[in-house]
1. Among 49, 31, 62, whose Cα sits farthest toward the positive end of the charge dipole of the chain (+1 at Cβ of Lys/Arg, -1 at Cβ of Asp/Glu, about the Cα centre)?
2. In the chain, which GluC sites (Glu not before Pro) are in a loop and have at most 14 other Cβ atoms within 10 Å, using DSSP for the loop call?
3. Return the carbon/sulfur percentage of the accessible area of the chain, one whole number, probe 1.4 Å, all protein chains in place.
4. Amide H to amide H, which residues 5 or more places from residue 15 or on other chains are under 5 Å from it, using H placed in the peptide plane?
5. Relative contact order of the chain: what whole-number percent is it, with Cα pairs under 8 angstrom and at least 6 residues apart?
6. For residue 6, what is the net charge nearby, where nearby means another residue's Cβ is under 10 Å from its Cβ and Lys, Arg count +1, Asp, Glu -1?
7. So who's got an amide H within less than 5 Å of the one on residue 75, skipping anything under 5 residues away but keeping other chains? H placed 1.01 Å off N, in plane.
8. All other residues with a Cβ under 12 Å from the Cβ of residue 46 taken together, and with Lys, Arg as +1 and Asp, Glu as -1, what is their net charge?
Amino acid sequence: VFHGRILAQSLVGQETRYEVEVKARYRHRFPLVSREYLWVPNACGCPPLRRGAEYLLMARRHVNHEHTLNRILLQDDGYARPWTPREARLVREAARHC
């Protein structure tokens, strides 16, 4: 779970790749750097993310069996909500208890 601002997007095959500025990290299951690529399958029911907008994102690290692919993936079971101070407060509170 992290707070990110969308910098750019591009279509790559059957997926959309978003360049994201990572503004805050709430869960530390895998390390994030200040700029990451977030991949979204075009078949995902996820709403399109707007360039310049900030979101609260829950994604997972995807590594293939050959360990040649290592990326952050937003799937149907994740979420992308517009970032607000209220959302950030709720996530920080939940992270302390989980």
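The values are calculated or read from the model by the stated rules, or taken from the named source; none is laboratory data. These figures come from a predicted structure and were not determined experimentally. Every residue, glycine as well, gets a Cβ built from its backbone with ideal geometry; the counts of neighbours run over all protein chains shown. Only protein heavy atoms, including side chains, enter the accessible area calculation; ligands, DNA and RNA are left aside. Shrake-Rupley method; radii C 1.70, N 1.55, O 1.52, S 1.80 Å.
1. Working it through, the farthest residue towards the positive pole turns out to be 31.
2. Those satisfying the criteria are 66.
3. Details: 3220 of 6360 Å².
It is 51 percent, rounded to a whole number.
4. 42
5. Values: 187 pairs, mean separation 26.8, N = 98.
Across the chain, relative contact order equals 27 percent.
6. 0
7. Amide H to amide H, under 5 Å and 5 or more residues apart or across chains, residue 75 pairs with 60.
8. -2
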